[in-house]
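Coordinate-derived values only; no laboratory data. None of these values were measured; they are calculated from a predicted model. Every residue, glycine as well, gets a Cβ built from its backbone with ideal geometry; the counts of neighbours run over all protein chains shown.
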């Protein structure tokens, strides 16, 4: 596994890290096997978050006894001093450690949020204190607004920046150049566009061609995903012309409006699993899995047909997707096949 230095932190992290979102779906035993397998395949970097339900707890139990082999990163949406102080302590407890290498501000979406964090009683003050107390090593920031992050990272307040990047979402490329000039670590979330990119390994290979990138963190909950994502060809070889053509075909099929399955739109007031509905539509229309998609759509407790168009979900989407219109499209897509 290739290692890259995470900016000024000096930490040598694997170019493929372990994204901690989907781990919440597996058992403790499965989690342990996954992380053991990841170590065997050269992964040494884990990224999780307070908001990923039981992700921190599962990771803490899974790496117990092997903590020294891992570089840990987590994050919190706390914006005030007290909230962040509390979250740091919870993260330490959950991860069964007395030290977390990287603690990040989760989803800094606008200037108002940033100003709150950096204010007199903001969350940044709490992380600086945690750093001084030896509880965390470095402070990072994550978000989906490239322009905002381009404005705030030159302050020198952050060691790393985390941002979405894949063949469909490349709006962060200038941000990455700025970060590299500032000697910041660049962590890539959504490397497979939230699962929407059909051939995830090609997307990861595409990302690693960018020398500004330090580590991509695909979410993984299966052994075979770890094996595929850490393959020597993905990590060490340039894209072939044929692979570039494959990527172009997939990008064209997805278009601009698609769900990255980040889950920020949840919970739905009607109990609909919104990202799952868009995923099933994708399998129905794009991935030649029509019968599979229909069966699972029928088996869903709530579907797009239960949408009341309340609109509560839309302001929460970091990509400003027209979710209500997209749900109507799901209805239309399945109407002709049910």
Report summary line: For the chain, longest principal axis from Cα atoms; helix 123-132 axis from its Cα atoms; angle between them, nearest 10 degrees, is 50 degrees
Query raised in the report: Quick one: what Rg and Dmax do you get for region 203-338 from the alpha carbons, in Å?
Result: 17.3, 48
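Tell me the mean residue ellipticity at 222 nm calculated for the chain from its helices only (DSSP H runs of n ≥ 4, each -39500 (n - 2.57), averaged over every residue, nearest 500).
Numbers: 14 runs with 139 residues, N = 338.
It lands at -12000 deg cm²/dmol.
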Report summary line: Expected sort for 272-281, 302-311 on mean C-beta neighbours within 10 Å, highest first, is 272-281, 302-311
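Could you work out the per residue convex hull volume over the alpha carbons of the chain, in cubic angstrom?
Details: hull volume 45.2 nm³, N = 338.
Spelled out: Cα convex hull of the chain, divided by residues, is 134 Å³.
Need one number: % antiparallel among DSSP beta bridges in the chain, to the nearest 5.
15 percent
To the nearest 0.05, what FRET efficiency results for residue 292 and residue 64 with a Förster distance of 35 Å applied to their C-beta separation? Walk me through the numbers on the way to the answer.
On the way: r = 37 Å, r/R0 = 1.07.
E(calc), rounded to 0.05, equals 0.40.
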Query - C-alpha center-to-center spacing [region 187-265, region 98-133] in angstrom - result: 29 Å
Query raised in the report: P(r) for region 274-335: what percent of alpha-carbon pairs falls in each 10 Å bin, starting at zero?
Result: 22, 54, 23, 1
Report summary line: Measuring from the longest principal axis of the C-alpha atoms of the chain, the long axis of helix 241-254 (C-alpha) lies at a number of degrees, nearest 10, equal to 70 degrees
